[in-house]
1. Looking at ALA142, is it surrounded by fewer than 17 Cβ atoms within 10 Å (Cβ to Cβ) and at pLDDT 95 or above?
2. Any residue that is of a type in the set (S, T, N, Q), within 16 Å of the ligand (Cβ to nearest atom), touching a strand residue (DSSP E or B) at 6+ places or on another chain (Cβ under 6 Å) and not in a helix (DSSP H, G or I) - is there at least one of those in the stretch 116-126?
3. Of the residues that sit in the stretch 174-199 and are in a helix (DSSP H, G or I) and more than 15 Å from the ligand (Cβ to nearest atom), which one is nearest to GLY108 (Cα to Cα)?
4. Checking ARG262 against (1) in a loop (DSSP other than H, G, I, E, B); (2) within 12 Å of the ligand (Cβ to nearest atom), which single condition isn't satisfied?
5. Suppose we filter the stretch 47-57 for residues that are under 21 Å from the mean Cα position of the chain (by Cα) and modelled with pLDDT of 95 or more; how many remain?
6. Among LEU26, LEU41, LEU87, which is the only one that is loosely packed, with under 15 Cβ neighbours inside 10 Å, part of a helix (DSSP H, G or I) and aliphatic (A, V, I, L, M)?
7. Name every residue in the stretch 46-74 that is outside any loop (DSSP other than H, G, I, E, B) and not hydrophobic (A, V, I, L, M, F, W, C), in order of residue number.
8. Please determine whether any residue of the stretch 152-173 is away from the ligand (no atom under 14 Å from the Cβ), modelled with pLDDT under 95, closer than 24 Å to GLN67 by Cα and in contact with an Asp or Glu (Cβ under 7 Å, 6 or more places away or on another chain).
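The values are calculated or read from the model by the stated rules, or taken from the named source; none is laboratory data. Bear in mind that the values here come from a model prediction, so they are computed numbers and not experimental data. So basically every Cβ, Gly included, is an ideal-geometry build from the backbone, and we count neighbours across all protein chains shown.
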Amino acid sequence: MSANTTTDIHIIGQGSIGALLSVNALLQGFHVKHYIKSSALQHPPVNVRWLDEQTYGLSQGTLLSEQETLSGIVIIPVKAYQVAQVLAELSPRLACDATIVLLHNGMGSIELAQTLFPQHVIIAATTTLAGFKRDNIVTHTAWGETQAGIVSDHKTSLHKTIIDQVLPSVTWHADILPSLFTKLAVNCVINPLTALLNVPNGDLSSTHLHDDIHVIINEVIGVAQAKDVHLNVTEVIDTVFNVIDATRNNFSSMHQDIAHGRKTEIEHINGYIVNVGHEFGVDVSRNQALLENILALKKPVNFSID
Ligand code: PAF
């Protein structure tokens, strides 16, 4: 795995997506550096079981605080509630030619990144690359596709061709917001419902849930519209049901978070819809109920994904 470029790839966090991207970039010969939080130092380094069943061991990551300057491409595939902290930690150490790639569930980080990094190229992306992590093993389950768009372009550096190699099947959009709101609709439906009903994604195709799913989606579309992002209702509904079908045997990330007693991303998913809905006077009562129910949810005794 020798470097094929002088551009460094920095990957923050070693959740499933971070680990999968690290392996993919290493396999393509990039110089990759990955970063972990201090609590992860006590755990053994991550092994990645790739789709072709090969296993790759990643080296122990570095602490972000130990890196002086990061140049090249900085990909941030962390939990939505960790993004603000990561951006704050990056703020004194990002070289001016670095490109930031925001890659997480939920919304709300673009404005923060633009405020903290007014001079940098910022890319927002969403991917269906998938895997799950159990102990120190990440299992790759789908190669997926990526929708990406430049949300701040200062022409100092643009690493599009490298991003095309590191992220799976990238489609570039002049306006990425419709893709991000569509993905948000997917997460607003699948994540809380699977967690509350304690079911795999596929169970949401049951017809008795259709009306409820339509209400959740319509509220997301109303909020998008208030932000001047105009989505086609039928297309969003089709996308949500296609994802339910394509991931029918998977447990959503929120289901897994609840099952493992971890914090969820609900405040950046349905919570984002509730906040923006209230700001603009859009009815978001169903998303609000889901937010409250998830925040109140205690892990049920029989709640297991094993
Ligand atoms: O968060 C997740 O689990 C995923 O984004 C998705 C698409 C809902 C599939 O499980």
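1. On the way: surrounded by fewer than 17 Cβ atoms within 10 Å (Cβ to Cβ): yes; at pLDDT 95 or above: no.
The answer is no for ALA142.
2. yes
3. Filtering the stretch 174-199 down to residues in a helix (DSSP H, G or I) leaves 177-197.
Adding the requirement that they be more than 15 Å from the ligand (Cβ to nearest atom) leaves 177-178.
Details: LEU177: 11, PRO178: 14 Å.
The qualifying residue nearest to GLY108 (Cα to Cα) is LEU177.
4. Only one criterion is unmet by ARG262, namely (2).
5. Within the stretch 47-57, residues that are under 21 Å from the mean Cα position of the chain (by Cα) and modelled with pLDDT of 95 or more number 4.
6. None of the other options fit; the residue is LEU41.
7. ASN47, ARG49, THR55, TYR56, GLY57, THR62, SER65, GLU66
8. Among the residues of the stretch 152-173, at least one is away from the ligand (no atom under 14 Å from the Cβ), modelled with pLDDT under 95, closer than 24 Å to GLN67 by Cα and in contact with an Asp or Glu (Cβ under 7 Å, 6 or more places away or on another chain), which makes the answer yes.
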